[in-house]
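The next block holds one structure in the form of structure tokens; read it before the comments.
The values are calculated or read from the model by the stated rules, or taken from the named source; none is laboratory data. Because the structure is predicted, anything quoted here is derived from the model rather than measured. Here Cβ is always computed from backbone atoms with ideal geometry, including for glycine, and neighbour counts include all displayed protein chains. Accessible surface is based on the protein model in full, side chains and every heavy atom, while ligands, DNA and RNA are left aside. Shrake-Rupley method; radii C 1.70, N 1.55, O 1.52, S 1.80 Å.
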Amino acid sequence: MSHLPVWEEVALQGRTLSHCYQEARTRYAPEQEAYRKAAGYVKEHLPQAARDILAQAHEFLEGRMILCGTMGKPYFVGNPPRWSDNPVGDAEYVFMLNRMEHWPILLQAYYLTGDSVYAQKVVSELENWINTCPPLEISLDFSVAKPRFDAATPWRTLELGIRPTRSWNLVLQLLAGTPCFSEEIYCKMMLSLFEHAQILYHVCPVLWPRADHNHYLTECLGLLEISCLCDFMEQAPVWRKHALRELERCAENQILPGGGQIEGAPNYHNECLFQMTYSIQLARRYGFSFSKHYEDLVHSMLLRSIYTTRPDGVEVPWGDSDATPLIFRSAFCHYKAFEEPEALQIVAGAFGKEGLLCEFDHQVWSLRDAPTTAKWLSELKPTEPLIPTFLHDREFKQVMARTGWNAAADSIFFSARSPIHNDHAHIDPNAFEYFSHGFAVLPDAGRYTYREGGDRHYYKSTEAHNTLTVNGRDAFAYLGTWAYGGQQAGGILAAEQCGGFSYACGFHENYAPAVHRRALILSKDCLFVFDAVDGLSSQDIVSDYFLFDTTSCSLLPGLFRAVSPDNRLVSTLSFCGNTFSAVLPGRLSETVDHERPARRLCLTADGKNTQRILSVICCRPLQRETAARKLSVEESADAFLLNAYVEEKMHRYHIDKNSWAITSQN
């Protein structure tokens, strides 16, 4: 017996199935014509992109997909897919499969070739999913709804929000009126979207009453899209009014001053930018609007994306993030929403035009006028943007500094955020990453997996990051992939750009009564890292970790040397303090399910109530290798004085103990 409602129960009076089906054929003709033009452009001007699409589509026809838990390799998911199975023991496998994000590739292959086998594959999977995945019963009791709608099933609420905006919408828009998309299939799809909408409308506000999570944003956007696709339904105006109100509330509660999304992970910030800029495109397409305040908040998000990107155009993988070039997609999304080329100009100037040209291959299907955009990009002459190279984000307790807006610049990303906002953060107060000479010398470790177990704990752990531990324990307790123990105060003490250098100083009290204070000083020559730990007992052990992207390294007294994987660069870390040094295995992940070996330098100190550790990192091309020498820390009642020679030049920095303001005495 079908779980679907009856058409007449959900449609407005007089809006018959036959009438709505015929209306869809006409309504989406412009989208189909635009896709035909895009396909023609891709075939003529982007032949490699066309070949890549067809190769992927062939894998999907055979039932093979790369999903979380398949370790980056095609995996047979069933043909049709077994939507509820979890053969790899990773909940994200089920979630990703049920987003149907492979359907857009199949639809592109259909438009590129005209071969209906690709469209039929999509339609057959759609019908199979509807027939075999009945919806879960709605409950407004949080204790029931949370485990029910957050479990690894096809009906998790996040996937209910994703499907209407990334896959099901394209099926309707691109196949309406084609022979493979019958009135019967149309009916089933619309009625299933009704079931989606009812859950999104009733359950999601129970799960996210504060509207402060990326999931709720995505779910509200999905409801808004359904209200547009199914505007013939009696409930559609109610859904739209609710979705618009709640998206406004999401923006107010999630986008902080400075444009950052509240969770603090660059990956989720960019994902929310994609979603919110899409909402503005929806409003333009269907004739409704958001408030100016909403649009201003969304507009502000791109700048945060720029600052959380390394000089080479790759995202800083802070928290649950990947080291991928999302900035170029963010720039295109901003451009499509606000129709301002400035976003593309700034990103091209900061990170190079090549990344935009590569992203254009993916964006071509959704651009209004691909040939004009392509011509504009080809003629674009990037120049360094006139935006500051230093950002102290007080809301996030983070500092981002670089020596310029070009690929050759050095940069740091430093975070002292404690307590955290939610569990997409890692256990890494006072951690940083350092980029120099086009290379992530001291990168963040990344996320690798969401699957519960030792891998998840390691990548979230304090010792996996560029920060220190006391007595070998995490700064706060790891209780599970989505759970932490309590956290203590932390934040930025001082931060400034001072002519020839930038600095950031932070603290946290998660090892109370011990307090960890850290100063980073970035110049064009090197990076100073100074750690001061007070309030220790004589039995406490401090371990200072530095994660290097290398497997070729050596350790000498007071000096660690690492060669980059391409043998192009040598990084040295000189150190002083009452420390014992050791090289430990490290792990580095740039995308989910992919990792490679790295090395961690661990500086260990014990036996004192206070610890002072100074490290100076230099990165140079192989033939210009250098290392800091004659490091020392002078301490008085009210100041620290840090000293080191780099290439025969004396570097002296004065740190005021009260304000932690830093001045150069070079």
Y448, Y286, ranked by accessible area, largest first (probe 1.4 Å): Y286, Y448
For segment 435-573: relative contact order, % (alpha-carbon pairs under 8 angstrom, 6 or more apart): 20 percent
Nearby lysines by direct alpha-carbon distance to K353 (threshold 22 angstrom, same-chain neighbours under 8 apart not counted): K336, K375, K381
Karplus-derived 3J(HN,Hα), 6.51/-1.76/1.60, for each residue of segment 250-259, Hz, glycine and proline x: 4, 4, 5, 8, 10, 9, 8, x, x, x
Gap separating the Cα centres of segment 620-646 and segment 519-588, nearest whole Å: 13 Å
Sequence of R473, R596 from largest to smallest accessible area, 1.4 Å probe: R473, R596
Accessible carbon and sulfur surface of the chain relative to its total accessible area, %, 1.4 Å: 53 percent
Probe 1.4 Å, protein heavy atoms only - accessible area per residue of segment 185-315 in square angstrom: 28 Å²
With DNA, RNA and ligands ignored, accessible area of F328 (1.4 Å probe; Å², nearest 10): 10 Å²
Contact order relative to length of segment 135-203, as percent, for alpha carbon pairs under 8 angstrom and 6 or more apart: 44 percent
Residues Y645 and R568, FRET efficiency given R0 of 30 Å [Cβ-Cβ distance, rounded to 0.05]: 0.75
Residues of segment 332-457: accessible area per residue with a 1.4 Å probe, Å²: 37 Å²
Solvent exposure of segment 1-82 as accessible area per residue, Å², 1.4 Å probe: 59 Å²
Relative packing of 477-488, 580-591, 560-571, 408-419, which averages over residues the other C-beta atoms within 10 Å, highest first: 408-419, 560-571, 580-591, 477-488
Nonlocal amide H pairs with G319, under 5 Å, H built at 1.01 Å: H426
Rough spin-label spacing in nm, given labels placed 7 Å along Cα→Cβ, for E59 and N79: 1.5 nm
Qualifying lysines (Cα of each under 27 Å from Cα of K630; at least 8 residues distant if same chain): K524, K608, K649, K657
